[in-house]
There are 2 protein chains.
Amino acid sequence: MRRQGSRQQAPPRSGPGSAPATGRSLDALFDPGSITVVGASADSSKWGNILSRRALESSRDRPVVLVNRRGVEVLGRRTHRTLAEARAQLGEPLDLVVVCVPAVELIPTIAEAVGAGARSLVVITAGLSELGADGALAEQEAVRLARAEGAVLVGPNCLGLVDTSTDLQLSHDLLPVGEVAVLSQSGNVVLDLAVLLKDRRLGVSRFVSLGNQADLSVVDLMASCIDHDDTRAVAIYSEDVVDGRAFVTAARALRAVGKPVVLMAPGRSTAAVRSAVSHTGSLTSAYQVVDAACAAAGAHRVDNPTQMADLLQGLLSPRRMPGRDVAILTDGGGHGAIAGDALAAVGLETPVLVEDTCAALRAQLRQSSTVSNPVDLAGAGEQDPLAYVRTLATLLAAEEVDGVLVTGYFGTYSTQESTLAPLEIAAAQVMADVVTGQPKPVVVQTIHPEGKTGSLLRTAGIPVHRDIDRAAAVLAGLVEHPARDPEQLTLPTADLAVTDTSYDGARRLFADAGVSFTLAHTVHSSAELEAALADTTMGFPLVLKAMGRQHKSEGGGVVLGLRDAVEARAAYAAMLARLDPPAVSVEPMVDTSRGVELILGCVRDPRFGPVVMVGLGGVFAEVLADTALAIAPVSAGSARRLLLSLRAAPLLLGARGREPVDLDALADTISRVSHLAAAHPELVALELNPVLAGSSAVVALDARVVLGQPSTSRR
Amino acid sequence: MRRQGSRQQAPPRSGPGSAPATGRSLDALFDPGSITVVGASADSSKWGNILSRRALESSRDRPVVLVNRRGVEVLGRRTHRTLAEARAQLGEPLDLVVVCVPAVELIPTIAEAVGAGARSLVVITAGLSELGADGALAEQEAVRLARAEGAVLVGPNCLGLVDTSTDLQLSHDLLPVGEVAVLSQSGNVVLDLAVLLKDRRLGVSRFVSLGNQADLSVVDLMASCIDHDDTRAVAIYSEDVVDGRAFVTAARALRAVGKPVVLMAPGRSTAAVRSAVSHTGSLTSAYQVVDAACAAAGAHRVDNPTQMADLLQGLLSPRRMPGRDVAILTDGGGHGAIAGDALAAVGLETPVLVEDTCAALRAQLRQSSTVSNPVDLAGAGEQDPLAYVRTLATLLAAEEVDGVLVTGYFGTYSTQESTLAPLEIAAAQVMADVVTGQPKPVVVQTIHPEGKTGSLLRTAGIPVHRDIDRAAAVLAGLVEHPARDPEQLTLPTADLAVTDTSYDGARRLFADAGVSFTLAHTVHSSAELEAALADTTMGFPLVLKAMGRQHKSEGGGVVLGLRDAVEARAAYAAMLARLDPPAVSVEPMVDTSRGVELILGCVRDPRFGPVVMVGLGGVFAEVLADTALAIAPVSAGSARRLLLSLRAAPLLLGARGREPVDLDALADTISRVSHLAAAHPELVALELNPVLAGSSAVVALDARVVLGQPSTSRR
């Protein structure tokens, strides 16, 4: 797994490949010239003991100095009472310092450490910002001290740091060596993941326990992996991505150099919903926003460590599915049917193969074999295990096939005392060559993945699973995402901030951005009403909307269906008497039955900035939670994909005898609104509700903007 | 696992516990006095060789006779050329005969076998009804011959039969001994399942490869397990449940004696939809009908062998979840959060614990522990592993907790050289006692399920999993289903079959069953129209519906919103001119905005008989596929649960400011329609579309019935 085992003897002070997002070098963190453990302990249950032991194991030609304020012997080594003493012992400035002291000693310890030349600090000490304001203040001071001397700090409240490419293992358990950088907010989850990776013959290139991220954040550490040669994929466990925009940028940069990012970020079950300053906000959960960020970044989201390990295994091979169409290759109808269900459950398709492919398969197989899809050898493999390989090669060559799932008994013959055992192993060898010589993924499910056949295939980079649902999930994770939308990383600032949040002001703002509205006259008097009624382009029926109310549809602020001037005058008078609004908007009433009503809005997420949301109006978005989100701004192309991802999308495409709506115009409107939101950080919400999408036009029927600071407490 | 190992030396000809649905004894099948293999072969790749070997291995004190028409030696044994010779050799009538001859020899072989006294036949021979009409005829004749002599027949096209409680193993591989009866249409799937069961220290009590089910069906074999002492659960793989009603009855009978039924029946991906003789039919997939049957039977449906083995392991313990509320017990926040998501994904809840429970937990744990839910020991378990047990006991005693999921590091200490190892093992022993002494299930996820702690818990019947999603799925499978609805097994027959499928006739039929309709006058002339218009209870606006058309809403057959008599007369005249209908229904127009429109229908499924379907009108049912199905007839209580299972159910309960609908009246209507469908087998479809459910009444606005034979080809 490891491609570069030996660390540099004399690491350059600022080498390539170590620049974090902050621009500071992380060399001293991942490849230190020396390690000092302060708070080294003789008690084997303490972190100060465990990390001292690990530091000594990691030493090789790297000096290790232990500091214990009482100077007791630790692990058979003498200790120093102060960091100054440690520096004197070392004969040169300290490099990496591991801090295991109690919280009350943190600030003086950091001061001493940087005073003695420390360039990087791994702070195990807990009981700081995670416990409240006092701890947060101490934490900030520690970071200030470190930064003032140009040192970088991991933690506090961190559980260690590993770089297997430099033989540095500073964590509770020794981690298996491999190519996955693991950045995590949980220690136990990483211990779990490490065992799963090892079971799959994978391992860790780097591990950083993020702790409170007071100085170095997950984004800095992601950036440090971009040109770390020994890292080929990045796995992240995070309960709160603090700088969501930077996360997206860093994940894109990793992808650009061929390093997939897999994110485990729980919260589906308690998915926090923003306080409802707008309908859009009430329909936007934190969980969905993280999904949108992963889509924008081309990162993969997983739910648990098993799924993470499985997907990493698949992603470490270069093969990807260009689309969602899978061919199933089986040796029994039962396994084929079960596999079809497993693929459907993860959103993949098992389409009937084209006639050319079927003909090619028929020419190779027995009469009893079925060739449509699933392709069922039906005993042909028992006659000649090479039938599996020939069939697989034909399927991989078929244009309509994006990937192949092999399922059933294959892999079991090699575990038996059978004349078929050597034949199956020989077939697996040819199969490995066939698969690795082409670009489409193959995933295998077998009763005996631990057998020789399974082992041989796995060594060739072909995922081999015991369980069909796991195999299907990996294939789903290997589907190529659409190309990244470059607009999602731009946040253009408008020349003027919005100050007018009136209905008129909101309409003007959206209209200037290119959104179409129905006609409207804002009237302040009976005379102005008469002028509006004289506008023959309006026609009847009319709608009156009372201005100056947060929710026009509540409290009788909207009167619909006024059929003539007499009814309009009466309604106007009644509205003045009832609500005394500062103004009234007079608008033609639109026949909403001739189109599809949507809600289109943007909110400013405290982590990820502007987010655009679209859903069908009424019950679809609110009762059925059928909404789609993206990090704003989006291109029209991305907006179109967003619309088509709605469960109710068939209604836009002409289901139930409707005319299809003008998807291009609708996507364009979404894109424009998303750019508007991006350019106006002073707005926490922008909303068009409803928007009426017809077959040849898209018209907004109402508009609203909300000024304010985004909430930072979402949990 | 095995509770009764020894077979009876002289099995009684008709013992208890062996009565299939047909009432015929299966003693000679599962505990034969002798075994005869006809088609015994010297070629080790042939079934006639493999099953001869298995028969000899199964023999003990059971005579085995091999028949080979050429009389060649097989497995070192002499063979006989005919079954008559075999009988002479045996000195008594044959008992079980395994038939491995080519298809062309099937009929004479069966005739010979029953002539020589065979009481049971396991027919491996393939190439019969599965290949077409000729084979089907031969198969029918074979069954006729067997039945005429009182013999039972498994297969043809079967892959063997096993009863480990009588040491009978007649299948390709030896199966592990255990308590699960496996009835399967696929051989390879059972080989897969058997390995999974063995991995979980479970095994097979009986295995029957169902083959073509020409004589004994899956239902007969289910029935035979009801009082088979060595069977404690029944696992079924079936691609087509031929007699669905009998399946439901047999599964209920098994449940009644405490034997859970787990069904794997693929088809989700290609879920066949009935030809659309009605909207109801077009909205009813075969896959959903099987789900409805499982709900009616209290059977568990699974998607793949892994899920089946996992759930069987859970079901073999007596503990069940009375509801869906789970407490998570963890030793790390990360595992707790991931577990919460895993439970949500399978429809379980992780509610905040009540204050009494929290107080009890706080009294036991450290300050850093969180007690809300997930309950996070946060290091308390590292101090004292018994903390896990005390916390678990408190959670199990809490009334608001239906089951507990333990997740994280626990189970790992015992795999390490640590002073905690013996303490963890001791804690696991106490934990096992705590769990087994009470009725709620506990499922454990741990990094090292293979360790001593995991092993100890598993031995006590506590499922221990490596993966959190698997652990969550098992808990979901242990939720108690609602009590069976007794009405679902009754099919009362109406005195008179329906012959009048006109709109009037359909309305009368439903109305007689207690369904409320709007007023309607069927008019055949202008004079009758005037009489209808004179009915002052009707009011305006009115609706006209042209009779005699399949789809009234197509082709201008319905005219809405006629505001007065003048408009009504004009519309009537225009309708006559346009469509010349035999009659026209004149009805008051109902304001559908004051309620929720539903579609309510029944179809007669070729496998499962009458099925009732309900969904919200329009796009909900058709575009979003939000429909709920049940085997008809249903009680009002079951109908209510059906309504509440809709995704759009909040609309019935008063979402978005609506008044809640009269759920009791709606459930009553569904129940009545389902009974009507059950009583009229001559109807393939009955439909009320739409039904308008208001806050105090339920009114059908249209009605339709379709006569005909149900289609038997669904795939």
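The values are calculated or read from the model by the stated rules, or taken from the named source; none is laboratory data. All values reported here derive from a predicted model rather than from experimental measurement. Counting neighbours? That spans all protein chains shown, and the Cβs are built from the backbone with ideal geometry, glycine included. Areas reflect the complete protein model, heavy atoms only, side chains present, ligands, DNA and RNA absent. Shrake-Rupley method; radii C 1.70, N 1.55, O 1.52, S 1.80 Å.
Applying 1/(1 + (r/R0)^6) with R0 = 35 Å to the Cβ-Cβ distance of residue A:172 and residue A:107, what FRET efficiency is obtained, to the nearest 0.05? Mind dumping the intermediate values first?
Numbers: r = 26 Å, r/R0 = 0.74.
The value I calculate is 0.85.
Leaving out ligands, DNA and RNA, what percent of the accessible area of the range A:387-490 is carbon and sulfur, probe 1.4 Å? Could you put the intermediate results ahead of the total?
On the way: 2110 of 3580 Å².
That share works out to 59 percent.
Would you kindly work out, in nm and rounded to one decimal, the distances from the label point of residue A:591 to those of the same position in each other copy, ordered shortest first, with label points 7 Å along Cα-to-Cβ?
Relative to the other copies, residue A:591 has label-point distances of 2.2 nm.
Residues of the range B:285-310 that become at least 10 Å² less accessible with every protein chain present than in their own chain isolated, using 1.4 Å: which are they?
B:303, B:304, B:305, B:306
Just report the Cα centroid separation between the range A:28-84 and the range B:613-649, whole Å.
Taking the Cα centre of the range B:613-649 as reference, the centre of the range A:28-84 is 66 Å away.
Relative to the first principal axis of the alpha-carbon coordinates of chain A, what is the inclination of helix A:47-57, with its axis defined by its Cα atoms, in degrees from 0 to 90 and to the nearest 10?
60 degrees
Using 7 Å Cα-to-Cβ label points, what is the residue A:92/residue B:72 separation (nm, one decimal)?
8.2 nm
Between residue B:256 and residue B:593, what is the label-point separation in nm under the 7 Å Cα-to-beta-carbon projection?
5.4 nm
Would you grab the residues whose amide H sits under 5 Å from the one on residue A:301? Only those 5+ places off in sequence or on another chain, please, with H modelled 1.01 Å from N.
When sequence neighbours closer than 5 places are left aside, the close amide H contacts are A:263.
Using only atoms on other chains, find how many Cβ atoms lie within 10 Å of each Cβ of peptide A:436-447 and report the average. Walk me through the numbers before you get to the answer.
Working: counts 0, 0, 0, 0, 0, 0, 0, 0, 0, 3, 1, 9.
Whole-number average of other-chain Cβ neighbours for A:436-447 is 1.
For the pair residue B:519 and residue A:573, what calculated FRET efficiency results from E = 1/(1 + (r/R0)^6), where r is the Cβ-Cβ distance and R0 = 56 Å, to the nearest 0.05?
Working from the Cβ atoms, E equals 0.90.
Taking a label point 7 Å out from Cα toward Cβ, give me the nm distances from residue A:655 to the same spot in the other copies, shortest first, one decimal.
1.5
Skipping prolines and chain starts, which residues have an amide H placed within reach, meaning under 5 Å, of the one on residue B:98, given they are 5 or more residues away or on another chain?
Placed amide hydrogens put B:36, B:37, B:38, B:122 under 5 Å from residue B:98.
Counting only DSSP beta bridges with both residues in chain B, what percent are antiparallel, rounded to the nearest 5? Spell out each step's value before the answer.
On the way: 48 of 99 bridges.
Percentage antiparallel, nearest 5: 50.
Calculate, in nm to one decimal, what residue A:140 and residue A:317 gain on full extension: separation in residues at 0.36 nm each, minus their alpha carbon distance. Write down the numbers at each step before the final one.
Working: separation 177, 0.36 × 177 = 63.72 nm, distance 4.24 nm.
Extra length available between residue A:140 and residue A:317 comes to 59.5 nm.
Calculate the FRET efficiency for residue B:417 and residue A:659 from the Cβ-Cβ distance with a Förster distance of 51 Å, rounded to the nearest 0.05. Before the final figure, lay out each step's value.
Working: r = 73 Å, r/R0 = 1.43.
The value I calculate is 0.10.
Provide the per-residue ³J(HN,Hα) series for the range B:655-664, in order, calculated from phi with Karplus coefficients 6.51, -1.76, 1.60 and θ = phi - 60°, each as a whole number of Hz, with x at glycine and proline positions.
With the stated coefficients, the range B:655-664 comes to 5, 6, x, 6, 6, x, 7, 6, 4, 4 Hz.
Past the 27 Å Cα-Cα mark, which pairs from A:198/B:198; A:198/B:452; A:259/A:440; A:452/B:46; A:259/B:452; A:46/B:440?
On the way: A:198/B:198 24 Å; A:198/B:452 20 Å; A:259/A:440 18 Å; A:452/B:46 25 Å; A:259/B:452 39 Å; A:46/B:440 37 Å.
With Cα atoms farther than 27 Å apart: A:259/B:452; A:46/B:440.
Copy-to-copy spacing for residue B:540, label 7 Å out on the Cα-to-C-beta vector, in nm, shortest first?
With the label placed 7 Å along Cα→Cβ, residue B:540 yields 1.9 nm.
Rolling a 1.4 angstrom probe over the protein heavy atoms, how many square angstrom per residue are accessible across the protein assembly as shown?
Details: 54210 Å² over 1430 residues.
Solvent-accessible surface per residue comes out at 38 Å².
Show that you can apply the helix-only estimate: for chain B, add -39,500 (n - 2.57) for every DSSP H stretch of four or more residues, divide by all residues, and state [θ] at 222 nm to the nearest 500.
Values: 25 runs with 251 residues, N = 715.
My calculation for chain B gives -10500 deg cm²/dmol from helical runs alone.
With the Cα gyration tensor of chain B giving a ≥ b ≥ c as the square roots of its eigenvalues, does the rule (a/c under 1.5 for rounded; else a/b larger than b/c for prolate; else oblate) give rounded, prolate or oblate?
oblate
Specify the inter-centroid distance of the range A:315-387 and the range B:438-507, based on alpha-carbon positions, in whole Å.
For the range A:315-387 versus the range B:438-507, the Cα centre distance is 32 Å.
I need the phi-derived Karplus couplings for the range A:599-613: 6.51 cos²θ - 1.76 cosθ + 1.60, θ = phi - 60°, integer Hz, Gly and Pro marked x.
10, 10, x, 10, 10, 9, 6, x, 9, 10, x, x, 10, 9, 10
Let a ≥ b ≥ c be the square roots of the eigenvalues of the Cα gyration tensor of the protein assembly as shown; is it rounded (a/c under 1.5), or, if not, prolate (a/b larger than b/c) or oblate? Let's see the in-between values first.
On the way: a/c = 1.96, a/b = 1.03, b/c = 1.89.
Cα axes put the protein assembly as shown in the oblate bin.
Counting only other residues whose beta carbon sits under 14 Å from that of residue A:381, what net charge do I get with K and R as +1, D and E as -1? Spell out each step's value before the answer.
Details: positive: A:366, A:390; negative: A:331, A:376, A:382, A:384, A:424.
Summing Lys and Arg as +1 and Asp and Glu as -1 gives -3.
For the range B:71-194, just say rounded, prolate or oblate: build the C-alpha gyration tensor, square-root its eigenvalues into a ≥ b ≥ c, call rounded for a/c under 1.5, and beyond that prolate if a/b exceeds b/c, oblate if not. Each step should come with its number before you reach the end.
On the way: a/c = 1.68, a/b = 1.17, b/c = 1.43.
It is oblate, given that a/c is not under 1.5 and a/b is not larger than b/c.
What accessible area, summed over both chains, is buried at the B-A interface (1.4 Å probe, Å², nearest 100)? Spell out each step's value before the answer.
Working: alone 29120 and 29170 Å², together 54210 Å².
That pair hides around 4100 Å² of surface in total.
Distance in whole Å from the B-onto-A rotation axis to the closest C-beta of chain B, together with the residue it belongs to, please.
Here the value is B:624, 3.
Find out how many positive minus negative residues lie around residue B:44, taking Lys and Arg as positive, Asp and Glu as negative, among other residues whose Cβ is under 14 Å from that of residue B:44. Numbers along the way, then the final one.
Working: positive: B:46, B:53, B:54; negative: A:382, A:417, B:43, B:73.
So the environment of residue B:44 carries a net charge of -1.
Counting only other residues whose beta carbon sits under 10 Å from that of residue A:610, what net charge do I get with K and R as +1, D and E as -1? Walk me through the numbers before you get to the answer.
Values: positive: A:245, A:604; negative: A:605.
Taking every Cβ under 10 Å from that of residue A:610, the sum is +1.
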